Amino acid sequence: MAQSAHAQTNAELKQEIDLLKQQLQVLMKKMEASTAAPAASQAQVDPQEFNRVKIKAESTEDALDSSGLKGLKINGLIDPTFIYSQNQDRSGFIFLNNFDARSGEAPYAFDNGNFGQAMLDLQKETEGGNKWRLTLAPHKAASSAYNLGSIVHEASVSIPLIDQQTRLLAGQVPDWSGYEYLWANQQPLITHNMLFDFTIPSFYSGAGMEITRGQWIAKFLVGNVNQVARASGDKDPSLNYRVDYSKGEFSGFGFAGTHTFGANRLDIFEVDGYFTRGDWTFQGQVGAGKWAGMGADQLNGPTDAQWWGLSGLAGYKLTPRLQAIARADYINNSKNGGGVFGYANSTAAGIAFDSRNGFGASQQDIADYTAGTISELVGANRYALSLGLNYLLNPTTTWKMELRYDGATKDVFQDFRNDPSGAAGIYKNRNILLGTSVVVSF
């Protein structure tokens with residue numbers, strides 16, 4: 001070989017192997033022809049050339065295997081995005097913005113901080129059937145909001161036990177609830193639905209099983225929710241599971257749940273499904289949850305955060321490359337002053353209020369309740385409507401545009417347009433967001 005295998009890239013090695021295999025196929029066809037008609041084909045086939053090509057193909061494939069590249073699959077994407085948010089009173093380019101508000105790059109409120117991604121996904125399968133996966137995403141990984149500075153989205157292994165359809169699953173795994181995916185190249189709109197953003201976990205770490213039987217796939221993990229390690233005294237495990245049924249390529253349903261056991265018990269359950277017929281695509285999700293002792297209103301003792309919600313999406317192919325999408329979301333969060341998973345932030349001494357994401361009672365209601373003017377604190381119910389387009393520029397590049405309206409039954413969205421410093425505490429019950437992005441993947 002002109003250069004060593006280690007000096008070649010994975011793509012170059014694979015390209016060379018494919019070319020050598022093509023040459024072998026041509027030579028083998030000539031050899032077969034020479035067997036059938038020796039006199040006519042002897043001059044066309046050189047046995048030495050055949051052996052040379054065969055040896056070179058085998059040595060190149062061996063080099064690919066010994067360098068660890070055999071069975072390796074690499075994917076990735078970037079998602080530069082432009083966002084305008086009315087109540088945030090800002091617009092501009094968003095890319096790799098941090099989830100952490102303390103960084104000075106606080107994510108846009110009452111939508112999500114997941115747009116503006118960069119991701120690299122490495123997968124390898126060995127001859128024994130073991131599957132290894134490492135997915136990296138600066139600032140946008142599933143663990144970024146809980147393990148600040150981490151770029152690990154997934155780090156998992158899947159090991160066959162009885163057969164290839166019965167597997168041990170272990171490591172850090174992203175949440176599998178709902179009909180939407182995190183990555184921009186796997187979902188049609190720029191933002192995610194509210195159930196995705198506010199009512200389900202981000203990731204699990206632990207061990208479990210994945211079982212495939214026909215059209216059914218079931219998996220579960222016992223371990224931690226949104227934690228890479230437990231605090232001292234925390235010994236209560238969590239049970240996380242998902243079951244999927246695919247009737248065919250174009251329809252199916254699934255359900256998922258998370259249950260923790262301890263002083264602040266968490267129970268989340270959701271059902272989702274999809275249906276595609278011709279140019280139409282429909283997806284939907286219904287979910288509910290309860291978080292013991294984490295209601296927003298704690299003035300008169302511990303209360304539970306409780307919520308239920310639904311989301312539905314419809315898409316229509318205007319042309320083979322251009323799709324129009326509409327999505328509607330609703331979260332009922334009025335119980336005990338509000339509070340959803342990860343956003344209650346309750347303390348035994350007072351009332352939590354989430355002005356960034358619009359959950360909890362309004363500031364005026366809190367003041368009236370504290371003063372005794374009203375007898376019950378009611379949280380805000382949330383809703384949103386998104387309209388969008390996406391256009392496939394080429395097989396790996398998609399342009400997106402989205403107009404989103406967020407609303408609430410209380411004034412819970414902080415209004416920086418009329419209060420730039422935030423000191424006056426002006427809040428609105430609605431917001432408009434406009435975004436556009438280009439998603440490039442490989």
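The values are calculated or read from the model by the stated rules, or taken from the named source; none is laboratory data. Quick caveat: nothing in here was measured; it's all calculated off a predicted structure. Glycine gets a Cβ as well: all are built from the backbone with ideal geometry, and neighbour counts include every protein chain shown. All accessible areas refer to the heavy atoms of the entire protein, side chains included, with ligands and DNA or RNA removed. Shrake-Rupley method; radii C 1.70, N 1.55, O 1.52, S 1.80 Å.
Is there a residue being modelled with pLDDT under 95, part of a loop (DSSP other than H, G, I, E, B) and either over 20 Å from the mean Cα position of the chain (by Cα) or among the hydroxyl-bearing types (Ser, Thr, Tyr) (or both) anywhere in the range 196-210? The answer is yes; a qualifying residue exists. Is there a residue in the range 132-139 that is modelled with pLDDT under 90, touching a Leu at 6+ places or on another chain (Cβ under 6 Å) and under 24 Å from ARG230 (Cβ atoms)? Within the range 132-139, not a single residue is modelled with pLDDT under 90, touching a Leu at 6+ places or on another chain (Cβ under 6 Å) and under 24 Å from ARG230 (Cβ atoms). Yes or no: the range 340-347 includes at least one residue that is open to solvent by 30 Å² or more (accessible area, probe 1.4 Å), over 30 Å from GLY273 (Cβ atoms), of a type in the set (Phe, Trp, Tyr) and assigned to a loop (DSSP other than H, G, I, E, B). No.
Of the residues ILE331, ILE325, which is under 30 Å from GLU376 (Cα atoms), open to solvent by less than 30 Å² (accessible area, probe 1.4 Å) and outside any loop (DSSP other than H, G, I, E, B)?
On the way: ILE325 fails: under 30 Å from GLU376 (Cα atoms).
Result of the check over ILE331, ILE325: ILE331.
Looking only at residues that are in a loop (DSSP other than H, G, I, E, B) and touching a residue at least 24 places away in the same chain (Cβ under 8 Å) in the range 376-392, which one is most open to solvent (accessible area, probe 1.4 Å)? Let's see the steps before the verdict.
The first filter runs over the range 376-392 and keeps only residues in a loop (DSSP other than H, G, I, E, B), leaving 376-381.
Filter again for touching a residue at least 24 places away in the same chain (Cβ under 8 Å), leaving 377-381.
Numbers: LEU377: 7, VAL378: 52, GLY379: 1, ALA380: 0, ASN381: 23 Å².
Once the filter is applied, the top-ranked residue is VAL378.
Looking across the range 394-442, the residues that are open to solvent by less than 30 Å² (accessible area, probe 1.4 Å), among the aliphatic types (A, V, I, L, M) and not in a loop (DSSP other than H, G, I, E, B) come down to ALA408, LEU433, VAL439.
Contact annotation: residue pairs with Cβ atoms under 7 Å, 6 or more positions apart or on different chains, pairing a residue in the range 417-434 that is free of Cβ contacts under 8 Å to residues at least 12 places away in the same chain with a partner that is surrounded by 11 or more Cβ atoms within 10 Å (Cβ to Cβ) and part of a loop (DSSP other than H, G, I, E, B), are ASN418/ILE426; ASP419/ILE426; GLY422/PHE416. Considered as a group, the residues in the range 255-283 that are buried (at least 17 other Cβ atoms within 10 Å of the Cβ), over 23 Å from ALA170 (Cβ atoms) and of a type in the set (S, T, N, Q) include one that is farthest from the chain's Cα centre (by Cα), and that residue is THR281. Checking each residue of the range 354-375 against the condition of being part of a strand (DSSP E or B) and either closer than 20 Å to SER202 by Cβ or not hydroxyl-bearing (Ser, Thr, Tyr) (or both) gives at least one match.
Go over the candidates LEU239, LEU221 one by one and state the one that is of a type outside the set (S, T, N, Q), farther than 22 Å from LEU310 by Cα, assigned to a strand (DSSP E or B) and within 18 Å of the chain's Cα centre (by Cα). Please lay out each step first, then the result.
On the way: LEU239 fails: within 18 Å of the chain's Cα centre (by Cα).
The unique qualifying residue is LEU221.
Do the conditions hold for GLY252, that is, is it farther than 26 Å from GLY284 by Cβ and open to solvent by less than 20 Å² (accessible area, probe 1.4 Å)?
Values: farther than 26 Å from GLY284 by Cβ: no; open to solvent by less than 20 Å² (accessible area, probe 1.4 Å): yes.
It is false that GLY252 is farther than 26 Å from GLY284 by Cβ and open to solvent by less than 20 Å² (accessible area, probe 1.4 Å).
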